[in-house]
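Remarks on the structure that follows.
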Amino acid sequence: MKNIAIVTKPNYSSPRILANCLHSFLSQAEGVKSEVFYELFVFKRLLSYAKVAKNYNYITWKGYQLIHYIQDQLFLRKLKKYDAVIIVECSPKAFLSDSFDFVKLRKKLEGIPLIFHEVYYLGNAPTMVSYLNDGGHHQEDIFDWHLSVSEVTEIRSKPKAPWSQVGLYLKSTGLAPVSKKEHLAIIDFYREGYEKERNEQIKALEAVGIPYIELSGSYTFDEIREIYKKATFYFLQFPESFGLPIAECMSCGAYVFTPDTSWGMAWRLDDEVEIHGPGKLADCFVVYDGQEGLQEKLRQYKLEYDLEKTPQKVFEIFMENYSDYYNGNKAELNYFLEKLKSGTL
């Protein structure tokens with residue numbers, strides 16, 4: 001039996017979803033047991049003052065470390081009882097030299113594999129690699145292995161050492177296509193710099209007479225998913241490296257609207273894709289051009305969207321093209337686990 005610790009932050013955000021889905025996915029594998037800990041900030045407190053001096057004064061930082069010292073040491077000692085530790089956090093934050101000290105953590109783990117899990121593999125994001133390099137931050141080699149949801153981000157590459165594309169076991173959330181009571185659009189959280197696109201969406205929805213909800217503030221997973229279940233249409237606000245809401249809304253039967261095929265980076269189906277370039281998206285996406293083009297699309301889809309039948313249709317298109325995002329990639333998960341069991345990570 002291999003025991004795996006999965007460590008993420010407690011916030012209601014994408015890393016926590018990834019951690020919980022991975023935990024459920026691992027529970028389907030033989031000879032593996034995993035446990036999730038919401039203690040990621042223990043590794044922030046491993047940083048020396050020199051790394052955080054621009055954000056904290058010396059007394060504040062040392063006091064912060066001291067207050068948590070005993071519980072942090074107990075947790076670090078606990079991690080040594082596991083056969084592997086998986087960190088689940090966003091990129092590039094996990095690689096910033098002033099965010100966490102995973103280099104020090106590796107030393108403390110004394111040979112226990114340290115693995116990173118994110119929606120994308122850093123090597124598939126050349127822009128991010130350059131950003132980290134220019135800033136003097138860490139690269140992928142601070143971890144022994146990488147697990148990603150998708151094999152395409154800025155570019156596409158097939159999994160090989162040191163990473164595996166394990167997909168996303170979204171099935172474990174219980175999300176599934178449901179009948180709708182009415183047409184309802186969900187406008188994703190506001191993104192600075194993309195006000196023009198947001199205003200076009202709102203004006204088009206009002207012109208066509210489709211009610212909408214603008215996401216704002218914070219939600220628990222249950223709260224946000226109840227909103228997703230009601231939606232017939234979901235609107236992107238920003239280029240997404242993956243976009244967990246895309247997968248969750250499609251699982252519930254909502255079309256995803258975007259003004260640009262490049263905004264759904266991980267959803268491009270092309271064998272080769274350009275960095276931040278356009279791509280082919282499955283028919284569960286609706287691509288529009290400007291406010292007038294959006295109004296035309298909305299009228300069409302409002303007319304064609306059967307509140308009872310269409311949610312299942314959208315889900316089937318989603319599954320036909322992106323099944324790894326719902327069922328996970330069992331072959332890649334098993335490949336990773338075999339490397340772990342054999343000690344060849």
- Message: So if I place +1 on the C-beta of Lys and Arg and -1 on the C-beta of Asp and Glu, and nothing else carries charge, what would the dipole magnitude of the chain be about its Cα centre? I want it in debye, nearest 20.
- Response: 1600
- Message: Helix check for the chain. Which DSSP H runs span at least 15 Å along their own axis by Cα, with a mean Kyte-Doolittle hydropathy no less than -1.0?
- Response: 14-26, 58-79, 310-322, 330-342
- Distance from a point 7 Å along Cα→Cβ of LEU303 to each backbone N in region 192-211: keep the residues under 13 Å and list them by number. none
- Sulfur and carbon atoms: percent of accessible area, region 191-341 [1.4 Å]: 44
- Task: Can you tell me the alpha carbon radius of gyration of region 195-340 divided by the globular rule-of-thumb value 2.2 N^0.38 Å?
- Result: 1.11
- Query: Quick one: longest stretch of the chain between exposed loop trypsin sites (Lys or Arg not before Pro), exposed meaning at most 12 other C-beta atoms within 10 Å and loop per DSSP?
  - Reply: 182-308
- Task: Kindly state, to the nearest 0.05, the FRET efficiency for ALA207 paired with LYS93, given R0 = 45 Å and r defined as their beta-carbon distance.
- Result: 0.70
- What share of the DSSP beta bridges in region 121-280 is antiparallel, in percent to the nearest 5? 5
- Compute the convex hull volume of the Cα atoms of the chain, divide it by the residue count, and report the result per residue in Å³ as a whole number. 139
- Rule-of-thumb Rg ratio for region 141-208 [Cα; 2.2 N^0.38 Å; N residues]: 1.74
- Amide H neighbours of TYR212 under 5 Å, at least 5 residues apart or on other chains, H built in the peptide plane: list them. ALA185
- Could you work out how far apart the two model spin labels at ALA331 and VAL103 are, taking each label as a point 7 Å from the Cα in the direction of the beta carbon, and quote it in nm? 3.8
- Note on the structure: Given 4 °C, 1.567 mPa s and a Kirkwood radius over Cα pairs, the Stokes-Einstein diffusion coefficient of region 28-113 in µm²/s is 91
- Residue by residue through region 263-280, which ³J(HN,Hα) values in whole Hz follow from phi under the Karplus form 6.51 cos²θ - 1.76 cosθ + 1.60 (θ = phi - 60°), with glycine and proline marked x? 5, x, 3, 6, 9, 6, 8, 4, 5, 10, 10, 8, 4, 6, x, x, x, 7
- Task: Report, by chain and number, residues whose modeled amide H sits under 5 Å from the one on TYR234, excluding near sequence neighbours (fewer than 5 apart, same chain).
- Result: ILE186, TYR255, VAL256, PHE257
- Enumerate the lysines that LYS341 could reach by cross-link, defined here as Cα to Cα under 23 Å, with residues fewer than 8 away along the same chain left out. LYS2, LYS33, LYS78, LYS80, LYS81, LYS107, LYS108, LYS158, LYS160, LYS330
- Query: Between region 1-23 and region 153-177, what is the C-alpha centre distance in whole Å?
  - Reply: 14
- Item | region 115-182 - percent of accessible surface contributed by carbon and sulfur, probe 1.4 Å | 50
- Message: If I take the Cα coordinates of region 78-228 and project them onto the principal axes, what are the three extents in Å, biggest first?
- Response: 60, 37, 31
- Can you give the % of DSSP beta bridges in the chain that are antiparallel, to the nearest 5? 5
- Item | Point-to-point label distance, GLU214-GLU192, nm (Cα→Cβ direction, 7 Å offset) | 1.7
- Compute the Kirkwood hydrodynamic radius of region 274-321, taking the inverse of the mean of 1/r over all pairs of distinct Cα atoms, and give it in Å to one decimal. 12.4
- For labels at LEU345 and GLU272 in the simple 7 Å Cα→Cβ model, what's the distance in nm? 3.4
- Task: Please work out how much length the chain gains when fully extended from PHE37 to LEU76, using 0.36 nm per residue of separation minus the C-alpha to C-alpha distance, in nm with one decimal.
- Result: 12.9 nm
- The answer for region 190-286, accessible area per residue at 1.4 Å probe in Å², is 42
- Can you work out the accessible area per residue across region 21-110, with the rest of the protein chains kept in place, probe 1.4 Å, in square angstrom? 53
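The values are calculated or read from the model by the stated rules, or taken from the named source; none is laboratory data. This one's a predicted model, so the numbers in the text were calculated from it and none came from an experiment. Cβ atoms come from the backbone with ideal geometry, glycine included; neighbour counts cover every protein chain shown. With ligands, DNA and RNA removed, areas are computed over all heavy atoms of the protein, side chains included. Shrake-Rupley method; radii C 1.70, N 1.55, O 1.52, S 1.80 Å.
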